[in-house]
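Visitor: Pasting a structure here, questions to come.
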Amino acid sequence: MKSENLFFTPESEVKDFSFLLSDVQAYISENYSALITGNLADAKAQMKRYITKYIQDRRIAVGGMSGDRLVDALYTEMAEFGFLTKYIFGAGIEEIDINSWRDIEVQYSDGRTVKLEECFDSPEHAVNVIRRMLHVSGMVLDNASPIVLGHLAKNIRIAVLKSPIVDEDVGVSASIRIVNPQSMQKDDFVRSGTATEPMLDFLSLCIRYGISICMAGATSSGKTTVAGWILTTVPDNKRIYTIESGSRELALVREKDGRVTNSVIHTLTRDSDNDRQRVDQISLLDMALRFNPDIVVVGEMRGAEANAAQEAARTGVAVLTTIHSNSCEATYRRMVSLCKRAVDLSDQTLMDYVTEAYPIVVFCKQLENKQRRMMEIQECEILSDGSRTFRALFQYVITENRMEDGRFIIEGHHEQVNSISDSLARRLLENGMPQTLISQLKRKEVQSV
């Protein structure tokens, strides 16, 4: 398109970009609103043509920008997400934190947090861009709904706060969580020091032979990444049913020569102001057992679905789930508090249920130096008299913390500190684990790696 000389003739009107953006938005919204809200395959090309026509007809220029660059910038602001677009869809980025319209940080997968020099033009500009993001998931951000959870794609979640929850001059505060598709292999975890090969093999065998696991830790501790890898080790003949909230982080379907080789059903919750249209994790858990799964994956336990999940685990289905917690033993107490949102039972009764449901709890942590470590794998053993005892099977032992040139240096190693209990060995045997593998797990081989 030969448009540059039209934009930059002496008679051209030079405008500020933000004012021009507002004018073009109003023009497109009034005359071609279907391009913004519709799903036309060629909507991008059409919108760019209309933007170009608007600028050429009015002989508008913006200092320092060629015609094509100006059209691209206007389109990106209107139909995409401005300067955030390259970060949202960039490689190696895990989170974008918008503290205010002029304070934005990016967290990278290698642990770095970088404050961006770029920012929005104003609080109103920030609100408009975030509204476009939320439009993808059909969510509305306004004074009546100032707190919104939404998603951009299968692997991108957004949590947003708007005034009056935050100050008017802040615009919005938002957290954009991005789970980049990564083919993490066992060697990647071992090489980075996240876990040892025996630890990963143990967790893989547990899920393979019907033992439920809860992965615990804070946000960005690596629990979901490890859980995703465990599921990649499940044999093709095992049926997996996944439940995730709003956006999908797991991609477990395998293909060979164009044909699906394993058995996976991926499901997503759906939020809605209409109770009849809302689909929550409890509904999907109830449906899961009708699909005869070998493994049920609950993406994250945050509420009353914890009770439905522990009930499913106690029926004999292997459940793999994640939860926010700060230690292995604290995980069971948090499960109890979540279950109480659904049922009126005593703490002791619910503690008995959740410890029976999840014999194995894994605690993951992101250390001060941003390294991710699997801090502990713990077994809850149920004794013959019904009492419980907690057995640490593997632990990460920190041997030194120090500061060096302004950086945190943390030294440590993983140790195997106990073998599995007789009761867990018996369950694994009943679930089909070969005796040779059980014998290896029963041997107490204290290892430092």
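Visitor: Measure off, as a whole percent, the carbon and sulfur share of the 1.4 Å-probe accessible area of segment 372-449, all protein chains present. Can you show the working numbers first?
Guide: Numbers: 2070 of 4450 Å².
The computed percentage sits at 47.
Visitor: Amide H of ALA318: which non-local residues (sequence gap of 5 or more, or other chain) have their own amide H closer than 5 Å, using H built in the peptide plane?
Guide: Amide H to amide H, under 5 Å and 5 or more residues apart or across chains, ALA318 pairs with VAL296.
Visitor: Taking 1 over the mean of 1/r across every pair of different Cα atoms in the chain, what Kirkwood radius in Å do you get? Don't jump to the answer; show the numbers that get you there.
Guide: Details: mean 1/r = 0.0402 Å⁻¹.
Answer for the chain: a Kirkwood hydrodynamic radius of 24.9 Å.
Visitor: Now for a different question. Of LYS370, LYS256, which has the most accessible area with a 1.4 Å probe, and how do the rest follow in descending order?
Guide: Values: LYS370 85, LYS256 140 Å².
Ranked from most to least accessible, the order is LYS256, LYS370.
Visitor: A further question follows. Once the other residues with Cβ under 12 Å from the Cβ of GLY217 are scored (Lys, Arg +1; Asp, Glu -1), what is the net sum? Each step should come with its number before you reach the end.
Guide: Values: positive: LYS223, ARG334, LYS365, ARG372, ARG373; negative: GLU300, GLU376.
Its environment carries a net charge of +3.
Visitor: A further question follows. Please work out the Cα center distance from segment 197-226 to segment 269-343, rounded to the nearest Å.
Guide: 17
Visitor: What FRET efficiency, computed as 1/(1 + (r/R0)^6) with R0 = 35 Å and r the Cβ-Cβ distance, is obtained for ALA218 and TYR27, rounded to the nearest 0.05?
Guide: Numbers: r = 47 Å, r/R0 = 1.33.
It comes to 0.15.
Visitor: Another question about this same structure. Which residue fluctuates most in the GNM of the chain (Cα springs below 10 Å): GLY386, GLY111, GLY92?
Guide: GLY386
Visitor: Can you tell me the accessible area per residue over segment 135-235, all protein chains present, probe 1.4 angstrom, in square angstrom? Numbers along the way, then the final one.
Guide: Numbers: 4200 Å² over 101 residues.
It amounts to 42 Å² per residue over segment 135-235.
Visitor: Loop-only trypsin sites (Lys or Arg not before Pro) in segment 72-151, please: DSSP not H, G, I, E or B, and at most 16 other Cβ atoms within 10 Å. Please list the in-between numbers first.
Guide: Details: sites: LYS86, ARG102, ARG112, LYS115, ARG131, ARG132; in loops: ARG102, ARG112.
Answer in residue order: ARG112.
Visitor: Taking 0.36 nm per residue of sequence separation and subtracting the Cα-Cα distance, how much length would be gained by fully extending the chain between ARG333 and THR261, in nm to one decimal? Write out the running numbers ahead of the final one.
Guide: Working: separation 72, 0.36 × 72 = 25.92 nm, distance 3.91 nm.
Length gained, ARG333 through THR261: 22.0 nm.
Visitor: If you don't mind, another one. For a quick check, take a GNM of the chain with Cα springs below 10 Å and name the residue from THR355, THR76, THR261 with the largest mean-square fluctuation.
Guide: THR261
Visitor: Which order do HIS135, HIS151, HIS125 take by accessible area at a 1.4 Å probe, largest first?
Guide: HIS135, HIS151, HIS125
Visitor: Per-residue ellipticity at 222 nm for the chain, helices alone: DSSP H runs ≥ 4 residues times -39500 (n - 2.57), over residue total, nearest 500 deg cm²/dmol?
Guide: Numbers: 16 runs with 157 residues, N = 449.
That comes out to -10000 deg cm²/dmol.
Visitor: Describe numerically, in nm with one decimal, the distance between label points set 7 Å from Cα along Cα→Cβ at ASP72 and at ARG341.
Guide: 4.5
Visitor: Could you tally the net charge around ALA159, taking each other residue with its Cβ under 14 Å from the Cβ of ALA159, Lys/Arg +1 and Asp/Glu -1?
Guide: Details: positive: ARG157, LYS162, ARG177, ARG302; negative: GLU95, ASP97, ASP271, GLU300.
Neighbourhood net charge equals 0.
Visitor: Kindly work out what percent of the DSSP beta bridges joining two residues of the chain are antiparallel, to the nearest 5. Provide the component values of the computation, followed by the final result.
Guide: On the way: 54 of 79 bridges.
Of all bridge pairs located within the chain, approximately 70 percent are antiparallel.
Visitor: Shifting gears a bit: Using 0.36 nm per residue, how much length does the chain from VAL397 to ARG112 gain when fully extended, once their Cα-Cα distance is taken away? Intermediate values should be presented prior to the final figure.
Guide: Numbers: separation 285, 0.36 × 285 = 102.60 nm, distance 2.42 nm.
Length difference between fully extended and current span is 100.2 nm.
Visitor: Sticking with this one: Taking only Cα atoms, what is the 0 to 90° angle, nearest 10, from helix 17-32's long axis to the longest principal axis of the chain?
Guide: It works out to around 90 degrees.
Visitor: Using a ≥ b ≥ c from the Cα gyration tensor of segment 52-186 (square roots of the eigenvalues), is it rounded, prolate or oblate, where a/c under 1.5 gives rounded and otherwise the larger of a/b and b/c decides, a/b for prolate? Intermediate values should be presented prior to the final figure.
Guide: On the way: a/c = 1.79, a/b = 1.29, b/c = 1.39.
Taking the square roots of the gyration eigenvalues as a ≥ b ≥ c, segment 52-186 is oblate.
Visitor: Right, next: With respect to the cross-link table entries LYS86/LYS186; LYS115/LYS186; LYS115/LYS365; LYS48/LYS86, which display a Cα-Cα separation exceeding 25 Å? Write down the numbers at each step before the final one.
Guide: Values: LYS86/LYS186 30 Å; LYS115/LYS186 32 Å; LYS115/LYS365 23 Å; LYS48/LYS86 19 Å.
Correct reply: LYS86/LYS186; LYS115/LYS186.
Visitor: Apply 1/(1 + (r/R0)^6) to the Cβ-Cβ distance of ARG278 and HIS413, taking R0 = 51 Å, and write down the FRET efficiency to the nearest 0.05. It would help to have the intermediate numbers written out before the result.
Guide: On the way: r = 47 Å, r/R0 = 0.93.
For ARG278 and HIS413, the calculated efficiency is 0.60.
Visitor: Cα axis of helix 197-208 to longest principal axis of the chain: angle in degrees, 0 to 90, nearest 10?
Guide: Compared with the principal axis, the helix lies near 90 degrees.
Visitor: Could you identify which residue out of LYS223, LYS48, LYS162 has the top mean-square fluctuation in a GNM of the chain using Cα springs shorter than 10 Å?
Guide: Between LYS223, LYS48, LYS162, it is LYS48 that shows the largest mean-square fluctuation.
Visitor: By how many degrees, 0 to 90 and rounded to 10, does the Cα axis of helix 328-339 deviate from the longest principal axis of the chain?
Guide: 70
The values are calculated or read from the model by the stated rules, or taken from the named source; none is laboratory data. Predicted model, so just to flag it, every value in this text is computed and none were measured. Positions of Cβ are generated from backbone atoms using ideal geometry, with glycine treated the same way; all protein chains shown enter the neighbour counts. In case anyone asks, the SASA skips ligands and DNA or RNA and just uses the protein heavy atoms, side chains included. Shrake-Rupley method; radii C 1.70, N 1.55, O 1.52, S 1.80 Å.
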